[in-house]
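Here is the structure we will look at.
The values are calculated or read from the model by the stated rules, or taken from the named source; none is laboratory data. Note that this is a predicted model, so its numbers are computed, not measured. Ideal geometry is used to build each Cβ from the backbone, glycine not excepted, and the neighbour counts take in all protein chains shown. All accessible areas refer to the heavy atoms of the entire protein, side chains included, with ligands and DNA or RNA removed. Shrake-Rupley method; radii C 1.70, N 1.55, O 1.52, S 1.80 Å.
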Amino acid sequence: MAHSFIAYIDEAGDEGLTGHYRQPGIGGGSSHWLTLGATVWRYSRDLDAIQWANAIIDKLPVQKRTRPLHFMDMSHQQKLMAVQALCGKPFRSISIIANKPIIPANIYTEKNQLYQYLCRYLIERISWLCRDMRPNVPEGDGRVKIVFSRKRSMDYDDFRAYMDLLHNMDDPDIRIHWPVIDIEGIAAKDHGSMRGLQLADIVTSGITAALEPDYYGNVEPRFARLLKPQVYCRGKNYRSYGAKLVPSADQLEFSEQQQEFLELFG
């Protein structure tokens, strides 16, 4: 039987924990934030999502229309257009947003360790969302098809084994709703091969822009403000669900501009 949902996963920022982070007006350095984000919709709407992406492409300059959509390759005007084009579409987004400078250098020392840690939080929330939405989505078997934007440094057989390990652990801190997760079906595809991954990039990067300073030290909360209605929440609780900060906000320092993120999702 077919899946009921599909989740496309992409990231914004990098995993660098070198202690050398970008400073305004100075090139180089790692991003301050690493976000692992998912866009989730009914599996039956996957072809619709191709049309959502094509509508964005049709508004780009001719020379960009043959390339995959990539948020960082767009001008600010094009980014705003792309986010506006997705507003109101029938999907939900989930973002796990890690503040890297606060992470001690000796914690995540193995390859992809931080990425996998954030994946656990993300897949937990994907599972909760699909469980919550199942009464309104009668088609399919209730499970979600999970597709990652391929990372060359990531072994996805190892990742599926990691998910099996979590599944078999008797640990109350692991709160994944396993009946909706298809571990064997977890896949990784190249960014350019699937429009769903390209839309996940736009949404994840757009939300992260409210926290990640640009070259001039500014952040851009407008994208997150536009996307807020599609961010997964329960009641008015966003930061436990679709906009989770790691660590929690009370352990972080925010600039005056970054405070708008807290106001949006507080």
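Observations
- Test set (1) out of contact with any Lys or Arg (no Cβ under 8 Å at 6 or more places or on another chain); (2) part of a loop (DSSP other than H, G, I, E, B); (3) open to solvent by less than 60 Å² (accessible area, probe 1.4 Å) - THR18 fails condition number: (3)
- Here ALA105, ALA38 are screened, and the one residue that is on the phi < 0 side of the Ramachandran plot, outside any helix (DSSP H, G or I) and modelled with pLDDT under 95 is ALA105.
- Only residues that are outside any loop (DSSP other than H, G, I, E, B), in contact (Cβ under 8 Å) with a residue 12 or more places away in the chain and open to solvent by 40 Å² or more (accessible area, probe 1.4 Å) were counted across the stretch 74-90, and they come to 3.
- Of the residues making up the stretch 170-181, at least one is open to solvent by 60 Å² or more (accessible area, probe 1.4 Å) and either in contact (Cβ under 8 Å) with a residue 40 or more places away in the chain or in a helix (DSSP H, G or I) (or both).
- On inspection, ILE146 fails the criterion of being over 16 Å from the mean Cα position of the chain (by Cα), among the hydrophobic types (A, V, I, L, M, F, W, C) and either farther than 29 Å from LEU69 by Cβ or open to solvent by less than 50 Å² (accessible area, probe 1.4 Å) (or both).
- For beta carbons closer than 6 Å, sequence separation of 6+ or different chains, a first residue in the stretch 226-247 that is closer than 20 Å to ILE103 by Cβ and a second that is open to solvent by less than 60 Å² (accessible area, probe 1.4 Å) and assigned to a strand (DSSP E or B), the qualifying pairs are ALA243/SER95; ALA243/VAL231; LYS244/ILE96; LEU245/ILE97; VAL246/ALA98.
- If you go through the stretch 41-53 and keep only what is touching a Phe, Trp or Tyr at 6+ places or on another chain (Cβ under 7 Å), open to solvent by 50 Å² or more (accessible area, probe 1.4 Å) and assigned to a helix (DSSP H, G or I), you end up with just TYR43.
- Residue within the stretch 54-68 that is farther than 24 Å from CYS233 by Cβ and part of a strand (DSSP E or B) present: no
- Checking each residue in the stretch 122-150 for being without any contact (Cβ under 8 Å) to a residue 60 or more places away in the chain, in contact with a helix residue (DSSP H, G or I) (Cβ under 8 Å, 6 or more places away or on another chain) and over 19 Å from TRP178 (Cβ atoms) picks out only ARG150.
- Residues of the stretch 223-246 that are touching a Phe, Trp or Tyr at 6+ places or on another chain (Cβ under 7 Å) and in a loop (DSSP other than H, G, I, E, B): TYR232, CYS233, TYR238, ARG239, TYR241, GLY242.
- Answer residue from the stretch 206-245, given it is among the hydroxyl-bearing types (Ser, Thr, Tyr) and either more than 30 Å from PRO24 (Cα to Cα) or touching a Ser or Thr at 6+ places or on another chain (Cβ under 8 Å) (or both) and is surrounded by the fewest Cβ atoms within 10 Å (Cβ to Cβ) among those: SER240
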